[in-house]
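Colleague: Pasting a structure here, questions to come.
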Amino acid sequence: MQKKKLFGGAGVLLLCMALLPLTAFAAEAEAEYTPSMYATFWALVPPIVAIALALITKEVYSSLFIGILVGGLFYSGFSFETTLTHIFNDGFVAVLSDSYNVGILIFLVILGAMVSLMNRAGGSAAFGHFAKEKIKSRAGAQLATIALGVLIFIDDYFNCLTVGSVMKPVTDEHKVSRAKLAYLIDATAAPVCIIAPISSWAAAVSGFVEGEDGFSIFIRAIPYNFYAILTIVMMVSLVLMNVDFGPMKLHEANARKGDLFSMKEKNTGKEQIPFNPKGKVIDLLIPIITLIIFCVIGMIYTGGFFEGAGFVEAFSNSDASVGLALGSICALIVTVIIYLIRRVLSFKECMDCLPEGFKAMVPAILILTFAWTLKAMTDSLGAATFVAEMMKQSAGSLMNFLPAIIFLVGCFLAFSTGTSWGTFGILIPIVVAVFAESNPQLMIISISACMAGAVCGDHCSPISDTTIMASAGAQCNHVNHVSTQLPYALVAAAISFITYIVAGFSQSAWISLPTGIILMLLTLYVVKCISSEKRR
């Protein structure tokens, strides 16, 4: 009996050993699975579906999920089981277990808690009253928002949420619509960061320029970053010329009548929160200043500043996700201590603000999670490979038109995927390979076109994390923000495209940049004249 068992066990063992190569082969085959639609135009269809549905239905959650579902079906070849496992394992679970994404979510939650603390302590209300005395007009409120957005150039996420929390009381007091506030926040986030040498964006771009001095190239590319510069010119001009167009015009007209949201749900983002009437302006300024200081320290810490690296080098090597999370949690602790010492809030009230802040950020967290998952679906279909191959094929011809073409490709890719940094990673190495030896000046212009196109697409895209953050910072309905911002972004994009054609032939910022600025001012003047005639 024992012999039979022994022989039986040996037989099973031999069978397992015989099947091991087959199992390994099956695992390898599964690991190397390539969908039939990989690196084809179909790879860009899921985000296009999601964006189109969001703009048509005005409902962002279901639109993003349908886009994710389309991506999963394309990946699996319309297999139910593979679609399901791909969406949840390679999509939702993967993006929510990614350390960078988790750091951003922690930063979001902590910032939400800090905003709740500042509101409850009465700091926001006190700042609103103070600003009411100092800022006398709607134009002044908007210009102050732009100025603060330009000053906070360290990181776009940080910019969006900080500017929103500080300026909401001011813009609300002067009846500026939440859609306009969201536009001003969004247009001073990525566009400012991409032309600021000391920012997380400069670090990202420098890292993608292999074989060259990335930071030096970034500095030389700033005058050619037409979309970013023209967007800032456009913002200031819109305010000073008192002109609005597209859906924004309706939102601003409604805001003047007291409806800041242009929605049936008037209470959106306007819930009455109890606050300490004894709160002072310092109860808002101290947390914000503390947050800025600690976030800067956090970012240079992750870049090795305290291990001997220089300040600029530390920023270039920084991890924005970890740095912002570390900085924000330190700022939160300091803020709670200051409020307890000043006795504007009790410890229990401070702790009550934590879940309140989390709840305020739930819509942004949901949209971000859906957007990240949609990007994962797009990546698994090889959208980046498809665009990179297209660029390589067209790089040899139309050399002087190439900066303008690269700008358009960058716009389309960032709009479809919702990521600027991913667009940098795809296009910049191609540009360096094409121009590094043949025409260094055209390489600088083309790298700028990559950056400008990426920022433009990111600015327009409903699935961009910066666009989502701007909506959260202004507490504006996300689809309202996208639909009102899109015409403004498209005008800046069209003028930037023309300016890149000029730059491709002139190869001089002294000729191309003034041309773009003049075109922008003329366009806005014509729009204002047309609007004035319609009123008559």
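Colleague: At 0.36 nm per residue, minus the direct Cα-Cα distance, what do residue 282 and residue 297 gain on full extension? Give it in nm, one decimal, please.
Modeller: 3.2 nm
Colleague: Using a Förster radius of 41 Å, what is the FRET efficiency between residue 531 and residue 347 based on their Cβ-Cβ separation? Nearest 0.05, please.
Modeller: 0.15
Colleague: Separate question: Calculate one ³J(HN,Hα) per residue across region 237-254 by plugging θ = phi - 60° into the Karplus curve 6.51 cos²θ - 1.76 cosθ + 1.60, and present them in order as whole Hz with x for glycine and proline.
Modeller: Running phi through 6.51 cos²θ - 1.76 cosθ + 1.60 with θ = phi - 60° gives 5, 4, 6, 5, 8, 6, 10, 9, 8, x, x, 4, 4, 5, 4, 5, 5, 5 Hz.
Colleague: Sort 240, 381, 522 by heavy-atom solvent-accessible area, probe 1.4 angstrom, most to least.
Modeller: In descending accessible area the options line up as 240, 522, 381.
Colleague: Further question on the same structure: By how many nm would the segment from residue 59 to residue 389 grow when fully extended, if each residue of separation counts as 0.36 nm and the alpha-carbon distance is taken off?
Modeller: 115.4 nm
Colleague: Along Cα→Cβ, 7 Å out, is where each label goes; now give me the distance between the ones at residue 523 and residue 92 in nm to one decimal.
Modeller: Distance between the two pseudo-spin positions: 4.1 nm.
Colleague: A further question follows. Could you pull out the pairs from 175/348; 175/249; 136/280 whose alpha carbons sit more than 25 Å apart here?
Modeller: With Cα atoms farther than 25 Å apart: 175/348.
Colleague: Something else about it: Report the local net charge at residue 420: Lys and Arg +1, Asp and Glu -1, summed over other residues whose C-beta lies under 10 Å from its C-beta.
Modeller: Here the charged neighbours net out to -3.
Colleague: By the scheme Lys and Arg +1, Asp and Glu -1, what is the net charge of all other residues having a beta-carbon under 13 Å from that of residue 91?
Modeller: -2
The values are calculated or read from the model by the stated rules, or taken from the named source; none is laboratory data. In this text the structure is predicted, and so the values were computed from the model without any measurement. When we count neighbours, we look across all protein chains shown, and the Cβ atoms used for this are built from the backbone with ideal geometry, even at glycine. Surface areas here come from the heavy atoms of the whole protein model, side chains and all, with no ligands, DNA or RNA. Shrake-Rupley method; radii C 1.70, N 1.55, O 1.52, S 1.80 Å.
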